[in-house]
Structures are given as structure tokens and as C-alpha cells.
Amino acid sequence: MVPHDFYMGLIKAAVFGFLISAISCTRGFYASGGARGGRSATTEAVVHSAVSLLVANYLLTSWLMGSPTG
């Protein structure tokens, strides 16, 4: 393990935490319809967070690792 790995982990953790909290807060804020609306907002937040994390992980890894030269 080199320091670059440690810093990459910190950057990813901060970005992932921001994405999850921003998506969840937004979905929760606009939820309506009582318990059914809350359940629907929670499901949407989980799905959107999972997809966003996969995309963000790919982009961050590509950016932080740099493109391989060969």
C-alpha cells in the first residue's frame, strides 16, 4: 500500500458519502403520500444511490489511476 492508495480511498469515501446523502435527502424532501410515499422515496433513493455509486466509482478510479500507457 502506498500513500496514493490511502488518498484515493479518502477521496472516494467523501464523494460516495456526499452522493448518498444528497440523493437520499432530495428524495426524502420531495416524498409525499404518507407511508406509501415514504416507502417509494426510500426505494428510489437506494436505487439511484447504487447506480450513482457504480458510475462514480468507475469515473473516480479512471481519473485517479490515470490512463494506462502501453
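The values are calculated or read from the model by the stated rules, or taken from the named source; none is laboratory data. Keep in mind it's a predicted model, so treat the numbers as computed, not measured. Note: ideal-geometry Cβ built from the backbone for every residue, glycine included; neighbour counts use all protein chains shown. Side chains included, ligands, DNA and RNA excluded: accessible areas come from the protein's heavy atoms. Shrake-Rupley method; radii C 1.70, N 1.55, O 1.52, S 1.80 Å.
Just a few scattered comments:
- Computed over the chain, the per-residue total of -39500 (n - 2.57) for DSSP H runs of n ≥ 4 gives a 222 nm mean residue ellipticity of -30500 deg cm²/dmol, rounded to 500.
- Karplus 3J(HN,Hα) series, Hz, for the range 48-63 with 6.51 cos²θ - 1.76 cosθ + 1.60 (x for Gly, Pro): 5, 5, 4, 5, 5, 5, 5, 5, 5, 4, 4, 5, 5, 5, 4, 6
- Accessible-area composition of the chain, carbon plus sulfur, in percent [1.4 Å probe]: 70 percent
- Loop chymotrypsin sites (Phe, Trp or Tyr not before Pro), the range 1-53 (other Cβ atoms within 10 Å of the site Cβ: 12 or fewer; DSSP): Y30
- At a probe radius of 1.4 angstrom, the accessible area of the chain per residue rounds to 76 square angstrom.
- Matching label, Rg/Rh (Cα atoms, Kirkwood Rh) computed from the structure shown, candidates (1) 1.17; (2) 1.06; (3) 1.25: (1)
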